[in-house]
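Input: a single structure, listed below in C-alpha cells.
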Amino acid sequence: MVTTERLYYSLKDYLRERYGRRVQKITVALPFTCPNIDGTKAKGGCTYCFSGTRPAHLEPYVPLKEQIEEGIKRAKRRYGEKLFFFVYYQSYSNTYGDYSYLKSIYDTVLEFDEVVGIDVGTRPDCAPEWVLDLLEGYANNGLEVWVEYGLQSANFKTLRLINRAHGVSDFVDAVLRTKRRNLKVCAHIILGLPYEDREDMLETGKLLASLPIDGVKIHPLHVIRNTKMAEQYLRGEFEVLSLQEYARRAVDILEILPQNVVVHRLTGEVEPDRLIAPDYCTYAKKQKVINAILEELKARGSYQGCKSAFNR
Ligand code: SF4
C-alpha cells in the first residue's frame, strides 16, 4: 500500500509483497494483429500505433518457448537466480485469435515452474466471454492473470480522433465483465492526447477511479515515426507535454486513484531512432520521468489516493 515513504503503489512493491521476492516480467511478441488494423473494426489502427507497439528488439516469429527461456536467462544473469516471472503478451491484441491458438500460447507458460502469472494486453472490444472463460481457467489453477485494456481517454471525441474504433462504454463493459471473474484488470491511459486539456485528463482518471480496476498504466503521448500522428505533429496540429507538464498531469491522476490500484507504469519509452517527441520518452530517460513525478508529489505534499473518494 501507499505509505509516507512510498508515495504510490508500484507494481514492484505489489509483486514483492505478494511473492516475497523479485518478480520479473518477460515481454513476448507473437504474430497477432488487431481488429483496428485488419479492417474488422477499422483500418489503419490507432493514429499513434507503430507495429502494434512492439518493442523493436522482439521478434514475433521466434517460438514462444524460446522467447520465455531467453527472457528467464537474461533476467537471472542480471538479478540472480531467486526470481519469479510473469509473461507479458504485449503487442497488438493478444486475445484476437481462435480458441486453439490462444490456448496454445497461454498453455506454453505452464511449462515453466517459475512463471507465476501472465499479463495479456488487448482491446476492450476483444474480450468475449469465451476468452474470459479461457483466461479464468488459468487463474483458477493458480496463475495470477491480468488482463490489460487500453482505454487511453474517456473522451469519446478523442477516441474518434485517434481512431481507436471503440467507445468508452466498451471499456466499462469489458472491465465489469472481467471483474465478475477471478481475473485482474489493468487499464492503460495516455496523457497529452491532441486537444485534451487538464479537465479531459482528469475525467479519464475519475472514470478509472470509479471502476473496480486493479492496476493502471499511465503513459505520456509520444509521437513515433511513420505513424499518422507523426504526420499531424509535424504539420504542427498539436503539441506534446513538456516533462514538467506531464509530471503534473500524472500526479493529478495519482491523487484521485484509490491507494490499492497498482501502478504498473508511469511513463512510456521507445528506441531513440523511432521517437519524434517528446525527448523524454526513451529508455535512458525513464528514471528521469519517474523522478519528476516523485518531485511533483513531494512538492504538493500529496500521494496516490489523497483525493480519492474510492479508497478501499
Ligand atoms: S489497439 Fe493497439 S495494436 Fe490495435 S491499432 Fe491500436 S495501439 Fe495498435
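Please tell me which of these pairs span more than 28 angstrom C-alpha to C-alpha: LYS41/LYS307; LYS103/LYS286; LYS12/LYS285; LYS217/LYS298; LYS157/LYS228; LYS184/LYS206? Walk me through the numbers before you get to the answer.
Details: LYS41/LYS307 37 Å; LYS103/LYS286 34 Å; LYS12/LYS285 19 Å; LYS217/LYS298 21 Å; LYS157/LYS228 17 Å; LYS184/LYS206 19 Å.
From the list (LYS41/LYS307; LYS103/LYS286; LYS12/LYS285; LYS217/LYS298; LYS157/LYS228; LYS184/LYS206), the Cα-Cα distance tops 28 Å for LYS41/LYS307; LYS103/LYS286.
Across q = 0.10, 0.12 Å⁻¹, the chain modelled as identical point scatterers on its alpha-carbon atoms has Debye log10 I(q)/I(0) values of -0.54, -0.81, in the order of the q list. Please give the Cα centre distance for the range 216-269 versus the range 1-47, rounded to the nearest Å. Each part reduced to its Cα centre gives a spacing of 15 Å. Using C-alpha pairs below 8 Å separated by at least 6 residues, the relative contact order for the chain is 18 percent. Looking at the chain, the DSSP beta bridges with both ends there are about 10 percent antiparallel.
GNM remark for the chain: springs join alpha carbons under 10 Å apart, and the peak mean-square fluctuation among GLY44, GLY80, GLY205 falls on GLY80. For the range 149-223, applying the loop criterion from DSSP together with a ceiling of 12 other beta carbons within 10 Å to the GluC sites (Glu not before Pro) yields no site. Normalising the Debye intensity of the range 36-171 to I(0), with uniform scatterers on Cα atoms only, and taking log10 at q = 0.18 Å⁻¹ returns -1.10.
Each reported figure results from applying straightforward, stated rules to the coordinates on display, with no laboratory input. What you are looking at is a predicted structure, and each value in this text was computed from that prediction instead of being measured. Don't worry about glycine lacking a Cβ; one is built from the backbone with ideal geometry, like all the others, and counts go over all protein chains shown.
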